[in-house]
Amino acid sequence: MLIFLAVLLNKSIYILGYSGHAYVILDSLAKLNVKVLGYFDFEPCNSFDNFYDLEYKGNEKLVDLNFIDDSSYVFPSIGDNYIRIKLVQFIEENKLAQTNIIDPQAIVSNRAIIESSVYVAPGAIINSRALIKKGSIINSGATIEHECVIGEFSHIAPNSVLTGNVIIGKNTLVGANAVITPGVTIGNNVIIGAGSVVTKDIPDNSKWVGNPLRML
């Protein structure tokens with residue numbers, strides 16, 4: 001498992017984006033005692049929403065690299081998959097330091113692999129030999145069973161269950177409380193609606209909902 005490096009190396013962190021998903025990430029960082037140096041977003045938030053009292057550093061699409069040195073990580077704290085892709089591309093192109101963030105209340109096997117810019121939320125379970133590829137979100141209470149593969153920039157929503165040997169493609173959303181049965185492969189750019197039960201392979205670029213499952 002790629003553990004949360006900022007704790008071991010005593011590094012601080014900047015976040016890209018400061019709204020709903022970022023609030024959950026900031027709670028995890030607080031538990032980990034990691035210092036957040038500031039946030040980048042399209043505009044400063046108002047004082048009511050800035051309850052973490054973070055310093056605004058500029059537009060997330062026009063990040064001033066003068067603020068960022070080698071002693072700090074940069075993390076994409078946006079829930080939208082497409083925006084997160086662009087932010088991670090920016091981080092990689094500018095060779096900024098990356099990490100993953102694993103909430104202390106998540107359960108992650110030491111035989112799982114968690115790539116960079118991944119967030120694992122409280123209550124999530126990731127079991128042995130699972131692979132979570134870069135830029136993905138494993139949200140609160142989600143279960144990723146043994147030997148599952150989560151593609152880049154995908155989002156596994158709260159309380160969804162992926163049973164053993166499930167493969168999820170790139171930029172795919174598995175909705176809250178969905179269940180994916182063993183051995184199923186779900187393609188790229190797919191949306192699985194909340195509460196759906198998936199018992200068969202799903203092709204790329206499609207939307208599915210319900211139990212029994214149907215395509216929209």
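Where a number appears in this text, it was derived from the coordinates with a stated rule and is not lab data. What you see is a predicted model, and the numbers here were worked out from it, not measured in a lab.
Could you work out the relative contact order of the stretch 74-155? I mean the mean sequence separation of Cα pairs under 8 Å and 6+ apart, divided by the number of residues, in percent.
On the way: 193 pairs, mean separation 20.4, N = 82.
Once normalised by length, the contact order is 25 percent.
Explain nothing, just the number: relative contact order of the chain, from Cα pairs under 8 Å at least 6 residues apart, as a whole percent.
Values: 608 pairs, mean separation 26.0, N = 216.
Value for the chain: 12 percent.
Just to be sure I understand, if you calculate semi-axes √(5λ) of the Cα gyration tensor in Å for this structure, which of (i) 38, 18, 15; (ii) 29, 24, 13; (iii) 30, 18, 15 do you get?
Here the calculated entry is (iii).
Just list whichever of LYS31/LYS86; LYS11/LYS170; LYS134/LYS207; LYS57/LYS170 have alpha carbons separated by over 25 Å in the model shown.
On the way: LYS31/LYS86 28 Å; LYS11/LYS170 30 Å; LYS134/LYS207 23 Å; LYS57/LYS170 30 Å.
The pairs that break the limit, which is 25 Å between Cα atoms, are LYS31/LYS86; LYS11/LYS170; LYS57/LYS170.
How far is helix 81-93 tilted, in degrees, relative to the longest principal axis of the Cα atoms in the chain, given as a value from 0 to 90 rounded to the nearest 10?
Result, in degrees: 50.
Based on DSSP H runs of at least 4 residues, each adding -39500 (n - 2.57), what is the mean residue ellipticity at 222 nm of the chain after dividing by all its residues, to the nearest 500 deg cm²/dmol? Write down the numbers at each step before the final one.
Values: 3 runs with 30 residues, N = 216.
Counting only the DSSP helices, I get -4000 deg cm²/dmol.
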